[in-house]
Structure formats: structure tokens, C-alpha cells
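Where a number appears in this text, it was derived from the coordinates with a stated rule and is not lab data. Small disclaimer: the values here were computed from a predicted structure and weren't measured. No Cβ is skipped: glycine too gets one built from the backbone with ideal geometry, and neighbour counts run over all protein chains shown.
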Amino acid sequence: MAERVSYWSTLTEPLIKQNPVTLQILGICSALAVTTTMATALTMSVSLTVVITLGAGIISVIRRHIPDTIRLIVQIVIIASLVIVIDQFLQAYFADISRALSVYVWLITTNCLVLGRTETYARFHGPLPSMVDAFGNGLGYSLVLIVLGGIRELFGKGELFGAQVLPLADEGGWFTPLSLMLLAPSAFFLLGGLVWALRSVRSEQVEPPDHTPPETEPAK
Amino acid sequence: MSEVWSFFLFAAFVDNMPLTLFLGLCTFLAMSRRTESALGLGIAMTIVLGITVPLNHMIYQWFMAPGAWGWAGYPDLDLSYLALIAFIGLIAATVQLLEMVLERFFPAIHAAFGVFLPLLTVQCAILGGSLFMVERNYTLGQSAVFGLGSGVGFAVAVVMLSAIRARLSYADLPAGLRGLGIAFILTGLMSLGFASFAQMTASL
């Protein structure tokens, strides 16, 4: 097992360097919809990480038996089955959070991140590296969700995990909640800002200005 | 009639798929670099959503909903947990069928936006449309209008974003904002604009 180092880098690369949300534009849909509070963000992160890790493992085990032409359907059905299990589990034990997440748990099925990992990685690698890779990507996704959820809940309500952190002005404190933080636009602004901040630190992630029409280049 | 129309407007603008429900953002951002591809994607979305949401509604009501097998002697059977797999299967089949029909009979249309069709199988907005239809208990007519309306809403949003991004390709952005970063900020601004439609429904 000389691959310990590479396992470690497979696990940690997606955290910041190859983050699935901020760099690869995968799985954004749910990342924005469920981040109004920490609790929903955390639940979603855990659900997705479980689904992606198990899904990658299962698909990797049977990767030699899936005919190439119908592989997408096979992968989706496997992922959908896992999502159903997770959804039933959440409904049974975390009914409130399950209601708050509404259809977004089910939408893990079509989360581009899950299918992206099985399609690009688990299809060509053994079960263990596939699961490590999927777990790392799940963690990278979770990191973004938890940062966004924390910011939105803290500034939108002055709470973290439902507990009051900043004293509200209505109740004699000093903090006036920014209700915009709980609405859709702020999620986009925050993620845009996060991408900007990340790319300022790691300049190798900056996109080349490839969408500039070539004929406008010599104008400068 | 006006009820149908206002429901259509509700689905297209108030419950706009990418801007207020955050659905289908991956393709929304990836395909909005050029206006032509954005338009093709928008049309494909409208067709697929308009077909699959009512079809999924029929499947759900006839086979999946609690008590749907009452006529066969199983009144307690509740298969609604299987809906996810049924919906995904039906969407994949519809997309495949649509692509084959277009390729065979309308090659020009297929060349124009056929490339986007396979993408739509795993599009959150398509599946999301069907799931919202179940969660909100729409009738068959409502779900057809909802599917078409949200497809049109998606098309409007993606074409608008692509137009803004085309303008911005001449702008000198900070390096870190180029591409994805500015797309998010623009989407946020558009979402802010669409939020004003929510006030409109109150007066409808």
C-alpha cells in the first residue's frame, strides 16, 4: 500500500484546490437552496456525502458489468435508491429538518456532483480510491455549504444552529437582522463573493478570459 | 381562463426555477455564455418540462399515490417512495424518445438544440418540476400549465443572463471574478429583480 500519500491527496484536493462547487460548477442548485440555516446545510451535507460515497463504492464494484450504453440509467437508479433510503431515514428521525429541506433531498439524485464523480472517477477506479475520492468531494461540498449556511444564519437571524448568538435590537440588544440574507439573491452574492475571495488567494483558479470574442482583443 | 394565465405567470416568474428555487443552476450557468445556446437550452427545457410534468402526474396519481391500487384490492398500498425512480426513468425515456423523433423527422431543429437534450435527463429543474407537482398536490391541468410556465421562465432567465454576459465580455473585470464569479453576482442581481414579481401575485 504505497498509495497512502495519493489517497491523502485524493481526499484533500477537492476541499479547496479542486472544490466541486466553486471551481467545477457542480452541485450548486442544492448548495444555495438549503443554506438558510446551519441545521439544514449540515443535514444536506451529511446526506450528500453518504450518498456520493456509497454510490461511488457500489458503482465502482460493478463497473465492469455495466454495459457502456446504459451506464447513465444504471448509475441514476443506484443513486436514486440511495437517496430514497436517506430520505426515509430523515423523515423517520429528523422530521422537522426533512420538511424544511422539502424536495431538495430528492434532488440529490440529479445533483451534477454525484453523477459527475461516478462518471469521471468511479467508472475507472477500484472501490477504495473511488470512495475516498467521493468522500473528499462530499467534504468539499459540505465545506461550502456550511460556510454559506453559517454566514446566512448568523447575519439573517443572529443565530447559529437555532441558538441566539447576536442579541437582537428588538429584544434590547444591538443587532438588526438582515432579512435579505435569508432570501434567494443573497445566496448568489455570497457564493460569488466566496468564489472571488478563493480565486484571489489561489490565482491559478482564475479563468482565462476565453469568452471574449477574439476580434475585440486588438482594440486595446 | 384568466386563472390559467395567472398560474402560468406564477410558474414562470414568481417561482422562477433558477432564480428563486435554485433549480437547474449547473446548466443555467454553464450554457449562458452564448445567446444561441441559451435559447436552444430554453426551448428544450420548455418542451421537456411541458411533457414530463403532466406525464409524471398521471403516473403518480394512477400508480404511486397512497391508495392508488384500491381498485385491485390493495387500498393501503403506498408506493409514493418509489416516485423518484419512476420520475427519473420517465424523464430519461422522454428525453431519449424526443431526441430520436427530432432526429428522424425534424433534422434542422435537432441540429439547433438537440445537443442539449441528453443534458436534460440529469437536470435538477426537470426533476424538480415533477417533485414540486407532487408536493403541492397540483391537478393534471395545473401540472401541465406549471411545467410549461416554469420552462418558459427558465428560458427567459437563461437568455437574459446570456445577453448580460455577452455585454460583459468587453468589460475589464477583476481577475478573480472572471467567469463563474461574475455569473453568480449577475444571477443574484436578476434574482433581486425577479423577487419583485412576488409582490405582483399578492395583487392578482
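Values as computed for the structure displayed
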read-out	value
Set of the stretch B:140-164 residues, backbone N closer than 15 Å to the point 7 Å along the Cα-Cβ line of B:MET58	B:140-145
Whole-number D in µm²/s for the stretch B:1-82 (Stokes-Einstein; Kirkwood sum over Cα pairs; 37 °C, 0.692 mPa s)	211
Listed residues A:GLY136, A:GLY116, A:GLY193, most fluctuating in chain A (Gaussian network, C-alpha, under 10 Å)	A:GLY193
For residues of A:107-119, the mean tally of beta carbons on other chains within 10 Å	4
Ranked list, fewest to most other Cβ atoms within 10 Å of each Cβ, for A:VAL34, B:VAL4	B:VAL4, A:VAL34
Peptide B:130-136, shielding by other chains (average Cβ, 10 Å cutoff)	3
A:LEU160 long-range amide H proximity, modeled H, under 5 Å	A:VAL165
Cα-based helix-to-principal-axis angle, B:124-135 vs chain B, degrees rounded to 10	40
Nearest-ten-degree value, helix B:83-105 long axis tilted from longest Cα axis of chain B	60
Where labels lie 7 Å past Cα in the beta-carbon direction, separation of B:VAL4 and B:PHE106 in nm	2.1
GNM result for chain A, Cα springs below 10 Å: residue of A:VAL132, A:VAL165, A:VAL195 fluctuating most strongly	A:VAL165
Placed amide H near A:LEU168: partners under 5 Å, 5+ positions off or other chain	A:GLY173, A:PHE175
Among A:LEU143, A:LEU101, A:LEU166: highest mean-square fluctuation, GNM of chain A, C-alpha pairs under 10 Å	A:LEU166
Pairs of Cα atoms farther than 42 Å apart, the protein assembly as shown, %	13
Residue exposure sequence - A:HIS125, B:HIS57 - by fewest surrounding Cβ within 10 Å	A:HIS125, B:HIS57
Percent RCO, i.e. relative contact order, over the stretch A:68-214, from Cα pairs under 8 Å lying at least 6 residues apart	12
Potential lengthening between B:GLN96 and B:TYR74 on full extension [0.36 nm per residue; Cα-Cα distance subtracted]	4.6 nm
Phi-based couplings in Hz for the stretch A:8-18 (Karplus 6.51, -1.76, 1.60; Gly and Pro marked x)	4, 6, 4, 6, 8, 4, x, 5, 10, 5, 10
